[in-house]
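Student: I am attaching a structure below and will ask some questions about it afterwards.
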Amino acid sequence: MLQLDATTWGWIHLIGGLLVVVAAASIMKGHMYGRIIGTIAAVLSAIANFAWLPYQPWWSVVMIFLCFSVIWALTVHGRDMASEA
């Protein structure tokens, strides 16, 4: 099991949160790198929630579903924009 103190988890969540905010802002502006960062963040979140399945099974399943929904939305949206051009 992972053994990190509260300070380490705080920094991990702070940096991850800032990364997601940057991705969201760039997605709103229509940049491709925002969708890439958002997809990577959702994949990492899904992997992390697989690790939590034994401890919080219902919450982990819900979060994994939401992560895959975000991944689907970010990757399918690119096809829509390409067909409009």
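Student: Would you mind stating whether GLY10 is farther than 19 Å from HIS77 by Cα, at pLDDT below 95 and of a type in the set (Gly, Ala, Ser)? Spell out how you get there, then give the answer.
Tutor: Working: farther than 19 Å from HIS77 by Cα: yes; at pLDDT below 95: yes; of a type in the set (Gly, Ala, Ser): yes.
Spelling it out, GLY10 is indeed farther than 19 Å from HIS77 by Cα, at pLDDT below 95 and of a type in the set (Gly, Ala, Ser).
Student: Mind listing just one residue for me: the one in segment 46-59 that is among the hydrophobic types (A, V, I, L, M, F, W, C) and more than 12 Å from the chain's Cα centre (by Cα) and, of those, nearest to MET32 (Cα to Cα)?
Tutor: So the first thing to find is which residues in segment 46-59 are among the hydrophobic types (A, V, I, L, M, F, W, C), and the list is 46-48, 50-53, 58-59.
With the extra rule that they be more than 12 Å from the chain's Cα centre (by Cα), the set shrinks to 50-53, 58-59.
Details: PHE50: 27, ALA51: 29, TRP52: 31, LEU53: 32, TRP58: 33, TRP59: 30 Å.
The residue in question is PHE50.
Student: Return the only residue of VAL76, VAL43, VAL62 being surrounded by 14 or more Cβ atoms within 10 Å (Cβ to Cβ) and either under 16 Å from the mean Cα position of the chain (by Cα) or under 29 Å from GLY30 (Cβ atoms) (or both). Outline the logic, then answer.
Tutor: Numbers: VAL76 fails: surrounded by 14 or more Cβ atoms within 10 Å (Cβ to Cβ); VAL62 fails: surrounded by 14 or more Cβ atoms within 10 Å (Cβ to Cβ).
Answer to the selection: VAL43.
Student: Tell me which residues, restricted to segment 37-61, are over 22 Å from LEU19 (Cα atoms), of a type in the set (A, V, I, L, M) and assigned to a helix (DSSP H, G or I).
Tutor: Hit for segment 37-61 is VAL61, nothing else.
The values are calculated or read from the model by the stated rules, or taken from the named source; none is laboratory data. Keep in mind that what you see is a predicted model, and the values were worked out from it rather than measured. Backbone-built Cβ (ideal geometry, glycine too); neighbour counts: all protein chains shown.
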